[in-house]
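Just so it is clear, none of the values below were taken in a lab; they were calculated from the coordinates. This is a predicted model, so every value here is computed, not measured. Cβ coordinates were reconstructed from backbone atoms using ideal geometry, including for glycine residues, and neighbour counts include every protein chain displayed.
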Amino acid sequence: MNTFFLPGLIDVHTHLRVPGGEHKEDFRTGTAAALAGGVTMILAMPNTSPPISTLEVLDQARRQAAEDILCDVGIYAGASPEHTAELPALAPKAAALKIYLNDTFGPLRVEDVPTLRACFQTWPRDKMIAMHAEKQSVAVGIGLAATYERPVHFCHISHREEIELIADAKMQGLPITCEVTPHHLFLDEADAARLGNLGDMRPLLGTADDVAALWEHINDTIDCIATDHAPHTLEEKGSDSPPPGVPGLETSLPLLLTAVSENRLTLERLMELMHHNPRRIFDLPEQPDTRVEVEMTPFTIRSADMKSKCGWTPFDSMEAAGKVVRVVLRGKMVYEDGRILAQAGNGRLIA
Ligand code: NCD
Ligand code: ZN
């Protein structure tokens, strides 16, 4: 089986940088990178500048997206202590709510219980709450899911202690789900040392044992693969205060296909992690007549081939086992052999 079809992939964790970071990525370049990676639906994170925590900024981002997007995009609202009163107004136009419990790029952070209570009490129950939680913060999120009896999705889980705690909580029947990123599955702290700032992101790359733990849980505890596509320019990455984050939309499927070719993962499981589960967990719409044609031909990942505006990848020079050759979105050919055929506005806004 050298060529086969996958459903349009769904990535629930991307940073498209609008508004305020358009020199790193914009809706057009970010969704072009998505299509090149076989991803036809993405959820965009709210740590923009200003952050997407008010109706005014959300509306501004949605207007820009409607003009520019090449694939389907939903936008997260970001929880912030100053704007909890706006949560009910944001909800109908947002795909989900993001709460940052730990430090990362941008000022969005929730460090107080009153804000957490407001989020869990006022965010509609039919929309997901996603959390950036590391180490013991995962226990905070699990406690909130249990207290308010509502689903919580954990972003980019990266340490053994976290995935084991999540497995324990799931065993108790708590309504929690989690994602892992390709960089935490395929790189570790030795790569971080080799890559320097280009291997710096939040959460940091783990030990070889952390990586082993994620693979041990790939067939049960882990629900989704999400890229945490977080582009920054090479100039920014080389500066005195380099921002954390690495791009990932274009390399996610090729790397996971390598895992399939090495029998570390079945193709069936890949589809669950990259399509079925994201769609079910975030209650995302179906994309009829949409498919990704994949060819199992080994190739070398190259920064120069990236469509992302940032123009680099931490996986440069790595071999991958398969690549995307064509993408069809709602009956239209939108990507073929390295060329983006989609027109601005081909994508739809979700939520
Ligand atoms: C992200 C970014 O650059 O926006 N950076 C990162 O290291 N992952 C922020 C985030 O997702 O935490
Ligand atoms: Zn992120």
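What is the antiparallel percent of DSSP beta bridges lying wholly in the chain, to the nearest 5? Bridges in the chain are about 40 percent antiparallel.
Grab the beta carbon distance between Q136 and A212, set R0 = 22 Å, and tell me the FRET efficiency rounded to 0.05. Rounded to the nearest 0.05, the efficiency is 0.55. Using a simple spin-label model with pseudo-atoms 7 Å out from Cα toward Cβ, R63 and N2 lie 5.2 nm apart. Using only the Cα atoms of the chain, build the gyration tensor, take square roots of its eigenvalues as a ≥ b ≥ c, and label the shape rounded, prolate or oblate: rounded if a/c is under 1.5, else prolate if a/b is larger than b/c, else oblate. Judged from the Cα gyration tensor, the chain comes out rounded (a/c under 1.5). Only helical runs count toward this figure. For the chain, summing -39,500 (n - 2.57) over DSSP H runs of n ≥ 4 and dividing by all residues gives -8500 deg cm²/dmol at 222 nm. Cα centroid distance between the range 143-213 and the range 1-55, in Å? Taking the Cα centre of each part, the range 143-213 and the range 1-55 sit 21 Å apart. Spin-label model, Q343/D289: points 7 Å from Cα along the beta carbon direction are separated by 1.5 nm. Long hydrophobic helices in the chain: none of the complete DSSP H runs spans 18 Å or more by Cα along its own axis with mean Kyte-Doolittle hydropathy of at least 0.0.
For the pair L55 and R125 in one chain, pulling the backbone fully straight at 0.36 nm per residue adds 23.3 nm over the alpha carbon distance. Residue pairs exceeding 21 angstrom between C-alpha atoms, taken from K237/K307; K309/K332; K24/K332; K24/K237; K98/K127: K309/K332; K24/K332. When each of the peptides 103-115, 272-284 is scored by the mean number of other C-beta atoms lying within 10 Å of its residues, the order from highest to lowest reads 272-284, 103-115.
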